[in-house]
1. If you roll a 1.4 Å probe over the heavy atoms of the protein chains, what accessible area per residue do you get for the chain, in Å²?
2. When a/c reaches 1.5 or more, the comparison of a/b and b/c decides; with that in mind, is segment 117-187 rounded, prolate or oblate per its Cα gyration tensor?
3. I want to check the label-to-label distance for Gln360 and Tyr391. Put each point 7 Å from Cα in the C-beta direction and report it in nm to one decimal.
4. HN-Hα J couplings of segment 344-349 from phi, Karplus 6.51/-1.76/1.60, θ = phi - 60°, integer Hz, Gly and Pro as x?
5. Based on the Cβ-Cβ distance of Ser383 and Leu145, what FRET efficiency does E = 1/(1 + (r/R0)^6) give at R0 = 35 Å, to the nearest 0.05?
6. At 1.4 Å probe size, with the rest of the protein present, what percent of the exposed accessible area of the chain is carbon and sulfur atoms?
7. Using the beta-carbon distance between Thr108 and Thr179 and R0 = 25 Å, what value does 1/(1 + (r/R0)^6) give for FRET efficiency, to the nearest 0.05?
8. Could I have the simple spin-label model distance between Lys167 and Ala350, label points 7 Å from Cα toward Cβ, reported in nm to one decimal?
Amino acid sequence: MSTSTVSATAAAPKKSGGRKKLTLPWIMLIIAGGLALLSLVRVISGANDLTSAGQVSGALSLAVPIGLAGLGGLWAERSGVVNIGLEGMMILGTWFGAWAGFQWGPWTGVLAGVIGGAIGGLLHAIITVTFNVNHIVSGVAINILALGFTQYLSNFTFADAPGGSSKQSPQVEPIYKITVPGLSDWMADLQGKHWFFVSDLAGVIGGLVTELSLLTVVALLMIPGTWWVLWRTTFGLRLRSCGENPVAAESLGVNVYKYKYIAVIVSGGLAGLGGAFLSIVASPIYQEGQTGGRGYIGLAAMIFGNWMPGGMALGAGLFGFIDSLKLRGGAENVHAMLLLIAILLLLVGAWQLYKKKYVQAGVSAVCAALLFLWYATTDSVPSQFVDAAPYLTTLLVLALSAQRLRMPKADGLPYRKGQGK
């Protein structure tokens, strides 16, 4: 079987989409535009913590587990398997990571978390690939099983350990953090001047070079690593062909079952790594309910990114940023975001008007006016809104991006070996 034949099989459905991929210069331009808009909102609102190094560092810490879960979902769904069980696999990662971490060190905990999540992925693969059970049913079942299993283990594992209880583990030794000397202090000085765009850029760079965990670096490298494996190798082409047209892939000699198994196990391992990050880096202990639905948000980030690593990373970064707002500045920062969303809706409305979509443009303009009014007549927002902001953002982003999405063609569809004969 030739590599070019499999490549054609995997890529064929993309011709009908009619949409060009964003190139790196365009992505950088979008990021710069977003930062400029944030800077404008910061200047108008006076919420100087919006783009501070602490805000960026916190956003990154919150985005990494979401991004790892999203990467896990991408691996599975590119092979044609829907993985709603990401939340359960993250739960396994948090528990196994903390269990091994407090006894044998944090990096052993990281490895144990990956293995724990991969076991969940293996179970999901057996249920969906071998026994052809509905993918959603299997994923929900794994989430429930993982929650019950870790609660049961905690009762006799952590309860008797020094510093532990039935609901949390003893503290795990921290992973080494990197700070770039000189550059970190310089960025802090620039940020403190509150200049338009320059100080905001300094805050972003400062957050990336101050107290950065080594595990964060590893997680960030997995984004280009996933892109290279899935889009630049023969293995990746064959795996993606299983998610687009498994019958055609099988007719060309691809072992579809094998590639689906590999993809779903890797998916579980990545989600488990995200869980281990939560219980080792984000918080150096395991706590019951620690994942907080991040597996589902990771799945939303993957959908927002149109099943591509770069877009998924942007989605995870957005959700992490919104989530971190309530931790630093709380109601003040979220209040400033009302102005940001209003400006974005105005821009969307102007674009819809240019496209002669008058109804959509009118709806965007009305929503923007209401948000402007809310911002102008209040000094803060209710605490309930602050807590709900990340989840509202998830729904809003998915609603706005729904029209441009195209999932793998055979994603979630039942497949039996030899069904094309």
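1. 46 Å²
2. Oblate, because a/c is 1.5 or more while a/b does not exceed b/c.
3. 2.8 nm
4. 4, 5, 5, 5, 4, x
5. Rounded to the nearest 0.05, the efficiency is 0.55.
6. Details: 13260 of 19460 Å².
Ligands and nucleic acids excluded, carbon and sulfur give 68 percent.
7. Plugging the Cβ-Cβ distance into 1/(1 + (r/R0)^6) gives 0.50.
8. So the label points at Lys167 and Ala350 sit 5.0 nm apart.
The values are calculated or read from the model by the stated rules, or taken from the named source; none is laboratory data. All figures in this text were calculated on a predicted structure; none of them were measured in a lab. Quick reminder, even Gly has a Cβ in these numbers, built from the backbone with ideal geometry, and neighbours come from all protein chains shown. Only protein heavy atoms, including side chains, enter the accessible area calculation; ligands, DNA and RNA are left aside. Shrake-Rupley method; radii C 1.70, N 1.55, O 1.52, S 1.80 Å.
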